[in-house]
Structures are given as C-alpha cells and as structure tokens.
Amino acid sequence: MEKFLKPEGLLIVLAGLIFLFSSIKGVSAADFQKGLDAANSGNFPAAFREWMPLANSGDRNAQFNIGIMYLNSEGVPKDTKIAVQWFKKAALRGAERAQLLLGKTYYFGQNGMTKNREKAKVWLNMAADWHVKLENIAGARAAMQQIIALFPNTALAETAASRLTKWKDR
C-alpha cells in the first residue's frame, strides 16, 4: 500500500494544478474584460453581473468598479455607504485610485463620510507608498502632490515634498 505519490505521479498532479490555476486566471480576466466592455457600452447591469463575483473573490479592480457603480447609480441604486465599503476593500488590496478617492472623501467629507483629516492622511500616504513600491513615477507624483495640496505647511507636506524631490529626475 503506497501512501506517497511517485515522482511521475507528482508531476502529473502539478501539471494539472498549473493548468487549473492558469485557466481560472484566464476566466477571471475574461470576465473582467466582459464587465468593462459592458460598462463602456452603458450596459451596467451586465457589468455588475460580471464584476460582482470577481469583487467578492478579492479582485481589487472589480471592487473599485463596483464601488463606482454604487457611487454613481450605474446599474444599481445609489448607495454611498456601500460604495465606500467597496472602495475600502479595493484600497486595502492596493487599488491606488481607491486609496486616493478615500483620501479625498475623508478630507472633504464627501459621499456620506464625515470629514476626518487623519483618515485622509492615512489613505493618501497609502496611495503614495503603493506607487513608490511599484516604481510608478507618475502615480507617486500625483499622490504626493495631492498630499502637498491638501495639507500645506505641515510636516506631512514637507515629507511628501522631500519624497517628490527624490523622484524629480526619474
């Protein structure tokens, strides 16, 4: 009685798992694109149907787009609280646009959120840090410029300006 896979059996299992995961990724990408095509053509209910399973499985881009749909009442009833919940999920997974949007939302007290400058700082810094980590120069500059514009004459703005200077020649 064998309890372990023989090397050739293990290779077959690994090949099967690689195929399974690569095909799942392909389906997800196709579903996201179907949702994007539907949204771009104004068919928001179809976009919602494509993106919601992806959003529920943790796709940050789908989460952000579901948030936009709730924010703008596109295919779903307008609900800013649900929109912000989706933006937070997307932001915590690294969606820079969601991080910037949350920073501005808290700074200005928009979309049903009360003004909270400390939370605004957290989200804007997260966006800047994410862009720096990815070496996305344009994104890092945009996030740091938002910090400088919204929090002038503060230590936070000075830090952002210093970081921005490091990216000047890139």
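The values are calculated or read from the model by the stated rules, or taken from the named source; none is laboratory data. Quick caveat: nothing in here was measured; it's all calculated off a predicted structure. So basically every Cβ, Gly included, is an ideal-geometry build from the backbone, and we count neighbours across all protein chains shown. Side chains are part of the model used for accessible areas, which takes the heavy atoms of the whole protein and leaves out ligands, DNA and RNA. Shrake-Rupley method; radii C 1.70, N 1.55, O 1.52, S 1.80 Å.
Can you tell me how the range 80-150 classifies by the Cα gyration tensor, rounded, prolate or oblate, using a/c under 1.5 as the rounded cut? Oblate shape, in that a/c is at least 1.5 and b/c is the bigger or equal ratio. When the residues Val132, Val76, Val122 are ordered by accessible surface, computed with a 1.4 Å probe over the protein chains alone, the sequence from largest down reads Val122, Val132, Val76. Across the range 59-83, the residues whose backbone nitrogen lies under 14 Å from the label position 7 Å along the beta-carbon direction of Leu134 are 60-65. Could you tell me which of the pairs Lys88/Lys133; Lys34/Lys88; Lys78/Lys166 are separated by over 30 angstrom between their Cα atoms in the structure shown? Result: Lys78/Lys166 exceed 30 Å. Modelled spin labels at Glu118 and Thr80, positioned 7 Å past Cα toward Cβ, are 2.2 nm from each other.
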